[in-house]
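Presented below is the structure to which this report refers.
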Amino acid sequence: MGISRGASASLVFTPREMPRPAGENAGLRHDAAEKIMNAGVWTQPVCPRHTLSAIVSVMFENFTATDRWTKKQVHCVYQAQIVAIATRHADAVDYKFLVDGRRVWVALPHPAWVEYKKRTGRVITDSLGVEIAGHYLKTMLESGDGLGSEMFSLTVEETLAHLDAAVAEMQAQPA
């Protein structure tokens, strides 16, 4: 996906994912547009992939857990990620899972992203956020804390502890 350094130019993607100018630059021939892109008017991804994202193997995006009390297998599926400031004016990112069809939200606080960056120099990617929330959900089910609520909010320290545990579990998986 590209971005424009210009004030109002945008890109339109064709079915082949070939960027071409839109808006005020729509009249440019393809070869002229390509020269402009190669000259640095458009750049490629704003956020390069983080090295940590290479180990994210989607362990906690679609998983089953055994409820401690009922011994029942519970199927959990990640469904959505929403920046909570837009929906509930909270300084968090909300991750929605379906737990045997029931909506369950796990809220990870934004300050955890800042603290993790301070401690490690790395960033928490979107996919790693899903893994953290999923790890929390699985741990909660297996420890017997149950699903007494629709929304679970973690502290910064809880978020970082589940991050470390999820990464350790993912790294322990055979390649």
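Bear in mind these aren't lab numbers, they're just calculated from the coordinates by the rules spelled out. These numbers come from a predicted model, not from an experiment. In this analysis, Cβ positions are derived from the backbone assuming ideal geometry, glycine residues included, and neighbour counts consider all displayed protein chains.
Annotations for the structure displayed:
- Dipole of the range 97-137 [Lys/Arg +1, Asp/Glu -1 at C-beta], most positive-end residue of 109, 98, 121: 121
- Size of the range 51-172 from its Cα atoms: along the principal axes, largest to smallest, the extents are 42, 37, 22 Å.
- Amide H contacts of residue 93 (H built 1.01 Å from N, under 5 Å, at least 5 apart or other chain): 84, 108, 110
- Protection proxy ranking, peptides 77-88, 133-144, average beta carbon neighbours within 10 Å, highest first: 133-144, 77-88
- Positive minus negative residues near residue 152 (Lys, Arg vs Asp, Glu; Cβ under 11 Å): -4
- J(HN,Hα) series, the range 82-87, from Karplus relation 6.51 cos²θ - 1.76 cosθ + 1.60, nearest Hz, glycine and proline x: 9, 6, 5, 5, 6, 9
- In this structure, the amide hydrogen of residue 74, modeled 1.01 Å from its nitrogen in the peptide plane, lies closer than 5 angstrom to those of 65, 66, 67, counting only residues at least 5 positions away or on a different chain.
- Whichever lysines have a C-alpha closer than 23 Å to that of residue 138, once near sequence neighbours (fewer than 8 apart) are set aside: 71, 72, 96
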